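Engineer: Okay, handing you the structure first.
The values are calculated or read from the model by the stated rules, or taken from the named source; none is laboratory data. Remember, predicted model here, so these are calculated numbers, not experimental data. Cβ: placed from backbone, ideal geometry, glycine included. Neighbour counts: every protein chain shown.
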Ligand SMILES: N[C@@H](CCC(=O)N[C@@H](CS)C(=O)NCC(=O)O)C(=O)O
């Protein structure tokens, strides 16, 4: 039986959440590290939209959205509380402001980087409030929402770490550090060289 194939890019937050979910599920996959400027032909054939992550199952099914990979790999105990709304806000408004904060000069935009940063912080303040009452975003146990959102909050924090660290978001900071220091996150960030057709398979999981 061939194993599922995961096309992934180490630094992509969507791919991070997919890798954490797959690792957690214990399903072993063949990992193919991609460079976005040099995407493998096979990836483009199975998923012409060309984003990562993409998971190709042994029966030929292609899962080309990170959230669908998460839902495929995690059982129902991970789907607690308002995870859907949280992901909608993250993948929508938060990601919108994060990109325009971090890469402001790539956008024709009337708002400055700092203004987008403030909009993103307003969203983080809502997480802070939740996390001041419970350990994780959807309750006292880790859930899909935590895996799905943390790579994006990490990216926001790392854009200007010194500035981020002085924000009055102490519960959020603790939540983020807890995830980033977990074995799950660390294992999901192990470096792999770019996959080339003909390489020996690299297994992950
Ligand atoms: N909705 C997709 C988004 C994935 C996505 O946008 N990934 C980025 C990398 S972080 C990508 O592949 N971008 C393609 C490109 O930059 O050309 C998902 O959740 O999987």
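Engineer: Considering only the range 140-150, I want to know if a residue exists there that is surrounded by fewer than 18 Cβ atoms within 10 Å (Cβ to Cβ) and either outside the structural domain of residue 12 (by TED's automatic domain parsing) or modelled with pLDDT under 95 (or both).
Structural biologist: yes
Engineer: Looking at 180, 137, 131, can you tell me which residue is touching a helix residue (DSSP H, G or I) at 6+ places or on another chain (Cβ under 9 Å) and without any contact (Cβ under 8 Å) to a residue 40 or more places away in the chain? Full working, then the answer.
Structural biologist: Details: 137 fails: without any contact (Cβ under 8 Å) to a residue 40 or more places away in the chain; 131 fails: without any contact (Cβ under 8 Å) to a residue 40 or more places away in the chain.
Matching residue, one of 180, 137, 131: 180.
Engineer: Another one. Checking residue 64 against (1) loosely packed, with under 15 Cβ neighbours inside 10 Å; (2) within 11 Å of the ligand (Cβ to nearest atom), which test does it fail?
Structural biologist: (1)
Engineer: Considering (1) under 29 Å from residue 125 (Cα atoms); (2) in contact with a helix residue (DSSP H, G or I) (Cβ under 6 Å, 6 or more places away or on another chain), say which one residue 11 fails and leave the rest.
Structural biologist: Every listed condition holds for residue 11 apart from (2).
Engineer: Give all pairs with beta carbons closer than 6 Å in which a residue from the range 31-49 that is under 16 Å from residue 60 (Cβ atoms) meets a residue that is at pLDDT 95 or above and not in a helix (DSSP H, G or I); count only pairs at least 6 apart in sequence or on separate chains.
Structural biologist: 43/7; 46/56; 46/62; 47/54; 47/62; 47/64
Engineer: Shifting gears a bit: Residue 8: within 14 Å of the ligand (Cβ to nearest atom), under 30 Å from residue 201 (Cβ atoms), touching a residue at least 40 places away in the same chain (Cβ under 8 Å) and crowded, with 16+ Cβ neighbours inside 10 Å, yes or no?
Structural biologist: Answer is yes for this residue.
Engineer: List the number of the failed condition for residue 38; all other conditions in (1) surrounded by 15 or more Cβ atoms within 10 Å (Cβ to Cβ); (2) within 14 Å of the ligand (Cβ to nearest atom) hold.
Structural biologist: The number of the failed condition is (1).
Engineer: Among 44, 16, 20, which is the only one that is under 14 Å from residue 195 (Cβ atoms), part of a helix (DSSP H, G or I) and not assigned by TED's automatic domain parsing to the domain that holds residue 154?
Structural biologist: Working: 16 fails: under 14 Å from residue 195 (Cβ atoms); 20 fails: under 14 Å from residue 195 (Cβ atoms).
Exactly one residue qualifies, and that residue is 44.
Engineer: Filter the range 89-142 down to residues that are in a loop (DSSP other than H, G, I, E, B) and within 16 Å of the ligand (Cβ to nearest atom) and give me whichever is nearest to residue 79 (Cα to Cα). Before you say what the answer is, go through the steps one by one.
Structural biologist: Just the residues of the range 89-142 that are in a loop (DSSP other than H, G, I, E, B), to begin with: 103, 107-112, 132-135, 137-138, 140-142.
If we keep only those that are within 16 Å of the ligand (Cβ to nearest atom) too, we end up with 103, 107.
Working: 103: 32, 107: 35 Å.
Per the stated criteria, the residue is 103.
Engineer: Can you name the condition, by its number, that residue 50 falls short on among (1) at pLDDT below 95; (2) in a helix (DSSP H, G or I); (3) within 12 Å of the ligand (Cβ to nearest atom)?
Structural biologist: Condition (2) is where residue 50 drops out.
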